[in-house]
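> One structure, as structure tokens, below. Some questions next.
The values are calculated or read from the model by the stated rules, or taken from the named source; none is laboratory data. Fair warning: this is a prediction, and the values are worked out from it, not measured in the lab. FYI the Cβ positions are ideal-geometry reconstructions off the backbone, even for glycines, and counts take in every protein chain you see. All accessible areas refer to the heavy atoms of the entire protein, side chains included, with ligands and DNA or RNA removed. Shrake-Rupley method; radii C 1.70, N 1.55, O 1.52, S 1.80 Å.
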Amino acid sequence: MSSIDVPALVAALKSRVNGEIRFDDGDRALYATDSSNYREVPIGLVVPFDVEALAEAVRVCHDFGAPITHRGGGTALAGQTTNYTVIIDSSKYCNGFLAIDLDRRLATVEPGIVLDELQKRCRPHGLRFGPDPSTHDHNSIGGMIGNNSAGPHSVVAGVTSHNVESMDIVTYDGLRLSVGWTAEEELDRIIAEGGRKGEIHAKLKALRDRYAGEIRRIYPKIPRRVSGFNLDSLLPDADGRFNLARALVGSEGTCVTILRATLNLIPDPPAKVVLVVGFESVCHAADVVCNVRGFGPDAIEGVDERLTDFMRKKHLHVDDLKLLPDGPSWLFIEFGGDSPDEAAAKARRLEDHLRGRPHVHDMRLVTDPHEQERLWKVRESGLGATAWVPGQKHDTWPGWEDSAVAPENLGAYMRDLLKLYDDYGYKPALYGHFGDGLIHCRVGFGLHTQEEVDRFRRFLNDAAHLVVRHGGTLSGEHGDGQARAELLPIMFGDDLVQAFAEFKAIWDPDNRMNPHKVVHPYAADQQLRLGPRFKPPHLESVFTYPEDGGSLTHALLRCVGVGKCRRHEGGTMCPSFRATREERHSTRGRARLLQEMLQGDPIRDGWRDEAIHDALHLCLGCKGCKADCPVNVDMATYKAEFLHHHYQHRHRPRAAWSMGLIHRWARLLAPVWWAPNLATQTPVFGRLSRAAAGIAPQRPVPTFAAKTFRRSWKPGPDRGRPPVVLWTDSFNNHFTPEPLFAAAEVLDAAGYAVTIPRKNLCCGRPYYDFGRLDDARSTLKQTMAGLRRELDAGAYVVGVEPSCLSVFRDELPNLFPDDPEAKRLSSRSMLLAEFLEKVAHFDPPKLSGPALVHGHCHHKAVFGMACDAAQIRKSGLDARILDDGCCGMAGAFGYEEDKYPVSLAIFDQGLGATLRQAPPDTLLIADGFSCREQVEQLTGRHPLTLAEVLRDALRRRTSHQPAGR
């Protein structure tokens, strides 16, 4: 492969392929890893604009002898999508939903479509695609076909290979075929026609006939055999036909390129219930699985107590764990029906059967759809909950994370597997698709020292022999890739492993399709991402990273590639990816580039690297990842750290001087408020001032208030009431004082003596956005000193602007972890709703009418919305707290000229789409200053803060009219 003329290859790709041709060091680094243990820097990247360009990219690579690896969501756990090849990413553009045939229950799609998008298109017809792995909101169908994925509902739907009807494919040498069901007569006809197509089919027939006996004898008869190739799909069914598409499913991109796939659909029951059963142990839960299957459930999932312990340690869906009945281990058993009563009746039959049985602790039947969704979040958290667990001695890794046996053997296999883990000193959490005999886990292999790697290899060998003794498979879902491929002879024997090689060679005689995966594989301990050879440099940092042992390096390695940041809706993370569909603008992409900075090749410029800077440029600093990411990647902090070092002794952009120093400018200009308003609000001066400040010419600029809140507000009488400090943030103080007046009035009504900081203090929020961490530290020191007297008196600091108060909760302890003043300020800083709910125990005035509540990203990530929800619920408002992501403004982000289009796209996809469906007079509650500005500028609506809503209601206690109309 070293003989590939890469410059000529790049030129040909750019000339012939309609797509993004990206061979620079940054893009190569971006795709060097997936979600597995492995790292290989690719030759380059192709992102085709359509499937014709995808096919042409394969032809060009063939002309130059360049190997190929296909990639969708990049969530492979066995190393299938990292290789020294040309990576072809179909997820960005080749993601069409092409057709649905309701009579035959078929859907035709392109390989890059995300599973949830497919389900969304099928759901109105009462249909769904059966396989549904936990990554369903960001994994691609092409990846599911490559890995032969499944999910909880494989109990009724089977694995992906059972649900593929046909595929349009192209071979490495350019032959395009449609493959699917084939009768023997048609096979003979194709062979007789000759040519490359006839040659392929003739060799496949010969291969099938030669190995048919071994296939029937050795392939395990279990629901979840994913290891090896699907040579059993070459054997004729009872009607004499075989399905060549299904034989290619699970070949992990080693044989052909998929252009389109036609998939079987199954009915989606309109009503579902979940019976959760608590057991004495996870093994006892496994023992009853076969019995439970006899009651006809749609899913049987298992979770052990160690997983829930990990979730509590990581503060992951802790409230959802309260839905579990008594018992240290559980089965989640879903039943479907045409009505809730029908589904519940099925579940109750099983409930009656299990009641009083040995080792059953408790049961709970969950019929509420919202509670069911919360329960499934517990189960779907498995991968994230078992990675980067606080207090764990060794890092956890995949490698033996999806072995499977027959359901009737699950309890016995699990006991032996736990003993093997114990023999090696491993203590993993167990969970998985128990209904099909599959166990998921991440194991504390460590893999950092040669001793750990050697122990890992010995374990894999012993584990492979163990699962085969139990009649099972090395992989029941994630495939072999590099992680398990060298173990295939233990499961299949040398003859069938040779058959796999022959099968691949029929399609790919030059061995250019994802080489060294499955066939002639690399060893499981080669190309380890963080193996013994990884010697990262020590990085000096401004933040202290107390949750990572004080190590920036450790913090940067948090991302394990789950890819939840690539989901298209729900939660906050990651707004820039949703707007661009670009890997480098996802949390994972940025994290991986920072990790590559530690590797030193191909990212060689450290803090000065422009590829990392470009990836971080569109990071909104929303902190969505800090809360939504299952391993709590904190990209806003990493961005601030990087920009601090990147711009040391270098010129900063205009926005860093204008908006980055907004507190200084606002304080300076407040006495002559009319002057900045003249400069920004008139046509000529407005254009010039925007250009000078780096602000988009289309973006309106907020007007300065004639009087700041600090100048206008007068404290009321003390009357011996407890003190509270109202934080006068720069944004509301200088531009929109009304929320501060409202907050003061509400706090007064709650029984507190309201004061404000004696000096015009600042939290320093804009400094973090631009990496001005020296300014941030000095500002926080001034703030702590300025609030010392009030805190000594026992006062809380209460604010209405989430982005400011989040500094005291988040950045402050990260910068001053051992400072008692910092700890005190952090613990006594609250947003208004939290203070009213937890400290004041405020009973809000009664309201009525509909409302929408949009939480600021920092509000959701750092504080959560539970206290706001509680106060609003007590008020009687018919409110819906939105789960529509970031508004797209994000402080200065939406004002910057080159970020303005992305800001609009983020708004249009999330909050904007919601508001377009809402009646014009619907009350919108939004505490964030930037959120309100975005909404007002783009819709003309006037959102209110919660403080204003409560204040207005207090003033109209006798009225039953809703506030804010």
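> If I ask for residues that are in a loop (DSSP other than H, G, I, E, B) and aliphatic (A, V, I, L, M), which ones from region 131-173 would you list?
Selection gives ALA150, VAL159.
> Which residues, taken from region 780-812, are in contact (Cβ under 8 Å) with a residue 60 or more places away in the chain, among the polar types (S, T, N, Q) and under 18 Å from ALA666 (Cβ atoms)?
Result: SER803, single match.
> Do any residues in region 664-689 that are under 14 Å from SER730 (Cβ atoms) have Cβ atoms under 7 Å from those of residues that are open to solvent by less than 40 Å² (accessible area, probe 1.4 Å) and hydroxyl-bearing (Ser, Thr, Tyr), where the two are at least six apart or on different chains, and which pairs are they?
That search, which allows pairs on different chains as well, returns ALA666/SER730; ALA670/THR708.
> Still on this model: Tally up the residues in region 158-176 that are among the aliphatic types (A, V, I, L, M), open to solvent by less than 10 Å² (accessible area, probe 1.4 Å) and in contact with a strand residue (DSSP E or B) (Cβ under 9 Å, 6 or more places away or on another chain), please.
Qualifying residue count for the region: 4.
> Right, here's the next one. For region 11-57, what are the residues that are open to solvent by 40 Å² or more (accessible area, probe 1.4 Å) and either among the small types (Gly, Ala, Ser) or free of Cβ contacts under 8 Å to residues at least 12 places away in the same chain (or both)?
ALA11, LYS14, SER15
Residue by residue, here is whether (1) in contact with a helix residue (DSSP H, G or I) (Cβ under 8 Å, 6 or more places away or on another chain); (2) under 26 Å from ALA412 (Cα atoms); (3) buried (at least 22 other Cβ atoms within 10 Å of the Cβ) holds:
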position	(1), (2), (3)
PRO269	yes, no, no
GLY278	no, yes, no
ALA285	yes, yes, yes
PHE295	yes, yes, no
MET311	yes, no, yes
PRO325	no, yes, no
SER329	yes, yes, yes
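> Another question, then. Could you please tell me which pairs satisfy a Cβ distance under 6 Å, a separation of 6+ or placement on different chains, a first residue in region 692-706 that is over 16 Å from ASN677 (Cα atoms) and in the same structural domain as TRP665 (by the TED database), and a second residue that is among the aromatic types (Phe, Trp, Tyr) and not in a loop (DSSP other than H, G, I, E, B)?
Partner pairs satisfying both residue conditions: ALA696/TYR900.
> Could you please find all residues in region 573-590 being assigned to a loop (DSSP other than H, G, I, E, B) and either surrounded by fewer than 24 Cβ atoms within 10 Å (Cβ to Cβ) or over 10 Å from the mean Cα position of the chain (by Cα) (or both)?
The answer is ARG581, GLU582.
> List every residue pair whose Cβ atoms sit under 6 Å apart, with the two residues 6 or more apart in sequence or on different chains, where the first one lies in region 480-507 and is among the small types (Gly, Ala, Ser) and the second, anywhere, is open to solvent by 20 Å² or more (accessible area, probe 1.4 Å).
Within 6 Å, the pairs are ALA485/PRO521; ALA499/TYR211.
> Looking only at region 488-509, count every residue that is part of a loop (DSSP other than H, G, I, E, B) and either open to solvent by less than 10 Å² (accessible area, probe 1.4 Å) or among the aliphatic types (A, V, I, L, M) (or both) and tell me the total.
Number of matching residues: 1.
> Something else now. Taking only region 58-95 into account, find how many residues are more than 30 Å from ASP402 (Cβ to Cβ) and open to solvent by less than 10 Å² (accessible area, probe 1.4 Å).
Number of matching residues: 3.
> When the residues of region 98-119 are filtered to those that are open to solvent by 40 Å² or more (accessible area, probe 1.4 Å) and part of a strand (DSSP E or B), which remaining residue is farthest from THR580 (Cα to Cα)?
Among residues in region 98-119 that are open to solvent by 40 Å² or more (accessible area, probe 1.4 Å) and part of a strand (DSSP E or B), the one farthest from THR580 (Cα to Cα) is ASP101.
> Which members of region 127-181 meet the condition of being of a type in the set (S, T, N, Q) and free of Cβ contacts under 8 Å to residues at least 40 places away in the same chain?
Scanning region 127-181 gives a single hit, SER178.
> At least 1 residues that are of a type in the set (S, T, N, Q) in each: list the strands (runs of 3 or more DSSP E) lying fully within region 233-288 that qualify.
Filter on region 233-288 gives 241-243, 257-264.
> Next up: Restricting the first residue to region 865-879 and requiring it to be within 11 Å of LEU847 (Cα to Cα), which pairs with a second residue that is among the hydrophobic types (A, V, I, L, M, F, W, C) and open to solvent by 30 Å² or more (accessible area, probe 1.4 Å) meet a Cβ separation below 9 Å and a spacing of at least six or different chains?
Once the first residue is within 11 Å of LEU847 (Cα to Cα) and sits in region 865-879, its partners that are among the hydrophobic types (A, V, I, L, M, F, W, C) and open to solvent by 30 Å² or more (accessible area, probe 1.4 Å) give ILE872/ALA879; ILE872/ILE881; ARG873/ALA879.
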